[in-house]
1. What residue, of Asp127, Asp120, Asp90, is out of contact with any strand residue (DSSP E or B) (no Cβ under 7 Å at 6 or more places or on another chain), under 28 Å from Arg193 (Cβ atoms) and not aliphatic (A, V, I, L, M)?
2. With the requirement that a residue be farther than 20 Å from Ile138 by Cα and of a type in the set (A, V, I, L, M, F, W, C), what does the range 173-195 give you?
3. Could you tell me whether any residue of the range 170-178 is out of contact with any helix residue (DSSP H, G or I) (no Cβ under 6 Å at 6 or more places or on another chain), assigned by TED's automatic domain parsing to the domain that holds Val122 and not in a strand (DSSP E or B)?
4. List pairs: first residue in the range 65-79 and more than 20 Å from Pro53 (Cβ to Cβ) and aromatic (Phe, Trp, Tyr), second residue at pLDDT 95 or above and assigned to a loop (DSSP other than H, G, I, E, B) anywhere in the structure, Cβ distance under 8 angstrom, at least six positions apart or on different chains.
5. In this structure, does Val152 turn out to be crowded, with 24+ Cβ neighbours inside 10 Å and of a type in the set (A, V, I, L, M)?
6. Check whether at least one residue in the range 172-192 is among the basic types (Lys, Arg) and closer than 17 Å to Pro112 by Cα, and report yes or no.
Amino acid sequence: MAPPFRPKQARPAGNRPGGHARRAGAPPPHRPGDIDEAVLYGVHPVVEALRNPHRRFRRLLATENALRRLREEIGDLPVEAELVRPSEIDRLLTPDSVHQGLYLVCEPLPSPDLDSLPDDAVVLALDQITDPHNVGAILRSAAAFGAAAVIVTIRHSPAATGVLAKSASGALEHVPLVAVRNLGDALETLGKRGFLRLGFDSEGDVALEEVALRRPLVMVMGAEGKGLRQRTRELCDHVARLEVPGAITSLNVSNATAIALYAASRRR
């Protein structure tokens, strides 16, 4: 009978000295730009992270079948894998987590500065959106439509780990999160650089179709229920609404973001 699995102190692996793996089920810090490690699980998040040359890895747990699939997709792995049973990963996660036999601990990706954004960029700014499922889905749409970055606040935003990373399905490796202390100050800075600042609200002053879009462009999305905060709204050049024909005119923020990105890409 195999001995029970006990998480060990992470060993030096890949291109990074070892560290201690936090239980993924524990509440993550509310600081996307200030976490000391990221926990990724599931096939897409883990595969994309392992392919990212900018990631620094601490620990990889994999079941036999998942490890075989990883090697088929990637070949030589950049970090030594520890072979475990599925139940051993289950113990590290909340009961509803779908890990598909893969659990990776790595360093968080660095948060770039606003100054590094390209002059022709389309970026998103999230005004205190706290649901990690929504932020993950927004990142996935941002990657699909080629957004240059997603701006979040250091406080009142979910950490780039766990549920957010799983919902993003690998998009964390392709769209940088720019963590700022004050979203209003960030919008002021982008305005001085010539960014068109376009806020979204179901009761916006103008329909999106009526706005003359141009680059650089920052699209500002508000939290569900609260919407855009007062200063955020005042700093937008336009506050637009998405015209929808049905009885329900208020969309989930991740769905609204995907539609806005699609519209911006079509009118490039």
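1. On inspection, the qualifying residue turns out to be Asp120.
2. Answer for the range 173-195, where residues must be farther than 20 Å from Ile138 by Cα and of a type in the set (A, V, I, L, M, F, W, C): Leu190, Phe195.
3. Looking for residues that are out of contact with any helix residue (DSSP H, G or I) (no Cβ under 6 Å at 6 or more places or on another chain), assigned by TED's automatic domain parsing to the domain that holds Val122 and not in a strand (DSSP E or B), one finds at least one in the range 170-178, hence yes.
4. Listed by first residue and then by second, the contacts come to nothing, as the list is empty.
5. yes
6. Yes, there is a match, as at least one residue in the range 172-192 is among the basic types (Lys, Arg) and closer than 17 Å to Pro112 by Cα.
Let's see how each residue does on (1) crowded, with 17+ Cβ neighbours inside 10 Å; (2) outside the structural domain of Gly170 (by TED's automatic domain parsing); (3) at pLDDT below 95; (4) over 23 Å from Ser157 (Cα atoms):
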site: Ala2; (1), (2), (3), (4): no, yes, yes, yes
site: Pro12; (1), (2), (3), (4): no, yes, yes, yes
site: Arg22; (1), (2), (3), (4): yes, yes, yes, no
site: Ala26; (1), (2), (3), (4): no, yes, yes, no
site: Pro45; (1), (2), (3), (4): yes, yes, no, no
site: Glu64; (1), (2), (3), (4): no, yes, no, yes
site: Arg68; (1), (2), (3), (4): no, yes, no, yes
site: Arg71; (1), (2), (3), (4): no, yes, no, yes
site: Arg85; (1), (2), (3), (4): no, yes, no, yes
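Results for (1) touching a strand residue (DSSP E or B) at 6+ places or on another chain (Cβ under 9 Å); (2) more than 22 Å from Pro158 (Cα to Cα); (3) outside any helix (DSSP H, G or I), shown as yes or no for each residue.
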| position | (1), (2), (3) |
| --- | --- |
| Ala186 | yes, no, no |
| Gly191 | yes, yes, no |
| Gly194 | no, yes, yes |
| Leu213 | yes, yes, yes |
| Val220 | yes, no, yes |
| Glu234 | no, yes, no |
| Val244 | no, yes, yes |
| Ile248 | no, yes, yes |
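The values are calculated or read from the model by the stated rules, or taken from the named source; none is laboratory data. The model shown is predicted, which means the values in this text are computed figures rather than measured ones. Because the Cβ atoms are built from the backbone with ideal geometry, glycine has one as well, and the counts that use them run over all protein chains shown.
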